[in-house]
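In what follows, a structure is listed as structure tokens, so that the remarks can point back to it.
Nothing in this text is a laboratory measurement; each read-out follows from the coordinates by a stated rule. It should be emphasised that the depicted structure is a prediction, and the values quoted were computed from it without experimental measurement. Note that we place each Cβ from the backbone using ideal geometry, even for glycine, and neighbour counts take in every protein chain shown.
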Amino acid sequence: MVMNRQGSTRSAGKNRGRWLVWLAWLVALGMLFGSVLFGAVIMYFNTQLPDFRMISEYKPALITKIYDRNGAIIAEYANERRVWVPINEIPKPVVQAFLSAEDSHFYEHGGYDLKAIIRATLVNALTHRTQGASTITQQVAKTYLLSNERTYTRKIKELILSWRIEHAFTKNEILELYLNRIYLGNGAYGVAAAAETYFSKSLAELNTQELAMIAGMPQAPTRYNPVKNPKSATARRNIVIGRMRDEGYITADQAKTAQATPLGLRVSTLKQGEDAPHFAEFIRRMIADQYGEDALYNDGLNVYTTLDLKLQREAEDAVYDGLRAFDHRHGWRGPMEHFKTLDNWEEQLQPVMDAYAHSEKIGVPAVVLKVSADVARVGFAGGAQGTVAASTAKWTGRKAMSSLVKVGDVVVVKPTGSDGKDGTHQYSLEQIPAVQGALLALDVQSGEVLAMVGGLGEGVGFNRAIQAHRQVGSSFKPFIYAAALEHGYTPATTVLDAPVVFRMGDKEWKPQNYDESIGGLTPMRVGLEKSRNLLTVRLAQDVGMRNVSDLCRRLGITNVPVTDLSVALGSVDESLIDMVAAYSTFPRGGEYVRPTYLRRVQDAQGVTLYRAHPACEECLAQLGAKESVPPPAPKVPASSAMSPQVAYQMVSLMQGVVQRGTGYALNALGRPMGGKTGTTNDFVDAWFTGYTPSIALGVWVGYDTPKSLGHGETGARAALPIWKDFITAATKDQPVEGFAVPDGIDFVRIDADSGLLPGPTTKRTITEAFIPGTAPSQVTPAYSNDENGSFFGGGTNSEGGGALDNLLKTFGIY
């Protein structure tokens, strides 16, 4: 029995040994087969994998930014909101937040986390929950090289690429790729873009709860979108804060405080040029034409312009206020439209709201829900309501609101900033002006555009400051006077201001002064100050339109006919930009400078693609330069349009327009400035163009389809108030400047009416600017001087004209 047991034991041992051998062989074969299979899989997918080295050549689509002259952003253009930040410039807390949220073992694994993969596999197989196990490296592989398809084959490719990426790039390089490319909702790609989008901050300005919220979004950008799903975003943020605490990045107290803090969103979208709509669109088109649409929307160009956003806002306000005042002068035109029923009035109003979104500065559309003599109750898209008191509509000339609107009318209203007794917001009755206007301001010294308003509207359409060509009226007269000064006239030269007839074939042209008066022999200065048409036409005839046209060409105005005397009174069409540029030549000492809009264009790497004024770039680097001292003005390409002496004489003459003439409303500002009004026939166009020693400025007012602005709507009434409002704001708190006087100018006191030296009967004198040798030497004779600034009497062509009557007969005029 004992023998049998021992034999059985040996037999069993032998069998177990055989089984162990067989098991070992099976394991070996399995491992061999697995290795072969693994190798085959690798070889199979190796032929389908993209080249991971493409990552190093990746060129991100970046935002093109348009800046003003002081570095403020005017507009941003991109298909995606993306800002690339080098890893050494990304604050450490940002990295810590993302490691806590996405991959706490990032610096330990080789591209994938095997434990996390096994855990996720078990959770996904045994529960109804879905758990991911992707490392940051895997997310980089997917984002840069693969699609978003959810398949096992894509996952295998992802693992292989992750391993390769880990062996080709450093951990910090992988982090940089990840943090700048990850999608974080609301069109934001990368952490810097997300910081701007959700909090209007830079990365360095983010606090713990803010960066934790952003770090929690990659897992599900839509589900955790703080704008659309704030509760989910808050819950996810608090989880990330907890993980940061567990990882030792923040203390328990810091975590508790951060988790109890509201999201505190300050959402910002890409700036679309809202503060300077026409200028922004002008620059957008310029960059697209020069560098292409793809570069504009993808290459992250930095475009530094000449605009001053502070002045631009003043310009927009001035134009709006001026056109609003004009519109109010011409009365109420009625409601925008009428709803037949108030059913679903909120939904009915929304498309109207959308259509007039660009007119928000003027007001917003609202529907009248109830109306009485004293007040109207209005509703807005979204359901809010307010009241409009009859006292806010006095400009309409009607006393009762019920005489202006009825229930169902859609009107434009604007917040007054106050509330009624019941807490209801109060509004004023407005209407969108039918008239249009434009403003353009240049830096006199450099010719740089400081402000541009192309009209009321969103800016994508017609730019009236650049594209519109309208008759300029009397704004053209300074060019006649400048040409005369170049050809021997002086500011004191007297010219006959009397009726004249020009015959052109069978047609006759009989120009007349605005007030139909005649002034006799009148000094040129008075002729310009009072905008005397008859005097100006005679002056143009004597000087010759060919000489006038030649001067205009030197001033950048190239389409002046040489045979049409009516051009002397402004029958020629010009753009606002060209008129302002031409006028700026006078205070610049006779040098014409073509207007510029750009200072510098750089690509995303800082390489300069365009530079307007190379000499200015190193201004502050000059020996002894100080930041507190403004750098010297850049040397700009200029051409001599007239002598400095003639230019100064024109400045002096146009100062007279402000001090005593059609621009007198500006005299109260107490600053040296010159300018000229312009009004075309039937009051179709109104202009005021002028300058201070530092700013050249022009304003135009008119209808897009030319028609009369209304009787009396001259340049002095319709355009000059806009000019005045802007220049008042632009020079506020600035020292008073004087115009520079060049060498070669003699100042002589003369009789203001005769243009000669003062005599015994002189009533008014003026100090006049003369080129040496051209001052009068004769003394004013004992004739009576007209109080209106003419010599030999004056007044209308009526009986009892005295000396003027005899003079006109002598000339054969009547």
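Return the sequence-ordered ³J(HN,Hα) values of region 643-657 in whole Hz as given by the Karplus equation 6.51 cos²θ - 1.76 cosθ + 1.60 applied to θ = phi - 60°, using x for Gly and Pro.
Karplus values, whole Hz, x for Gly and Pro: 6, x, 6, 5, 4, 5, 4, 5, 4, 4, 4, 7, 5, x, 4.
Among S268, N302, Y291, whose Cα projects farthest towards the positive end of the dipole of region 225-320, with charges put on the beta-carbon of Lys, Arg (+1) and Asp, Glu (-1)?
S268
Would you mind working out the magnitude of the charge dipole of region 287-412 relative to its Cα centre, with +1 at each Lys and Arg C-beta and -1 at each Asp and Glu C-beta, to the nearest 20 Debye?
Dipole magnitude for region 287-412 comes out near 1160 debye.
Based on the mean of other beta carbon atoms within 10 Å per residue, what is the order of 60-72, 397-409, 713-725, most packed first?
Ranking the peptides 60-72, 397-409, 713-725 by packing returns 713-725, 60-72, 397-409.
Near I66, within a Cβ-to-Cβ distance under 10 Å, what is the net charge of the other residues, with Lys and Arg +1 and Asp and Glu -1?
Residues near I66 contribute +1 overall.
Considering only DSSP beta bridges whose two residues both sit in region 381-464, what percent are antiparallel, to the nearest 5?
The antiparallel fraction comes to roughly 75 percent.
With only Lys, Arg, Asp and Glu charged, each at its Cβ (+1 for the first two, -1 for the last two), find how big the charge dipole of region 371-477 is about the Cα centre; round to the nearest 20 debye.
Dipole about the Cα centre, nearest 20: 460 debye.
Would you mind checking which residues have amide H under 5 Å from E448's amide H? H placed 1.01 Å from N; only 5 or more apart, or other chain.
Residues meeting the criterion, in which the H sits 1.01 Å from N, are D443, T596.
Name the long-range amide H neighbours of Y67: under 5 Å, sequence gap of 5 or more, or other chain; modelled H, no Pro or chain starts.
Distant-sequence amide H within range of Y67: I74, V303, Y304, T305.
Per 0.36 nm of contour for each residue apart, how much would the distance between L26 and Y107 grow if the chain were fully extended, relative to their Cα-Cα spacing?
Gain in length upon complete extension: 25.4 nm.
Name the residues whose placed amide hydrogens come within less than 5 Å of the amide hydrogen of E591, ignoring near sequence neighbours (fewer than 5 apart) on the same chain.
Counting only residues 5 or more places away or on other chains, the set is A641.
With 28 Å as the limit, write out which pairs from K201/K256; K510/K530; K59/K231; K228/K406; K676/K763; K201/K310 have Cα-Cα distances beyond it, or answer none.
Violating the 28 Å Cα-Cα cut-off are K59/K231; K228/K406.
Can you give the net charge of the other residues whose Cβ lies under 15 Å from the Cβ of Q649, counting K and R as +1 and D and E as -1?
-1
Work out from phi, with θ = phi - 60° and the Karplus expression 6.51 cos²θ - 1.76 cosθ + 1.60, the ³J(HN,Hα) of each residue of region 423-436, listed in order in whole Hz, and give x for Gly and Pro.
Calculated HN-Hα couplings, in order: x, 6, 5, 9, 9, 9, 7, 10, 8, 6, x, 7, 7, 10 Hz.
Classify region 307-363 from the C-alpha gyration tensor, please: rounded if a/c falls under 1.5, else prolate or oblate depending on whether a/b exceeds b/c.
oblate
Just the number, please: percent antiparallel of the DSSP beta bridges in region 299-440, rounded to the nearest 5.
Of the beta bridges lying entirely in region 299-440, close to 85 percent run antiparallel.
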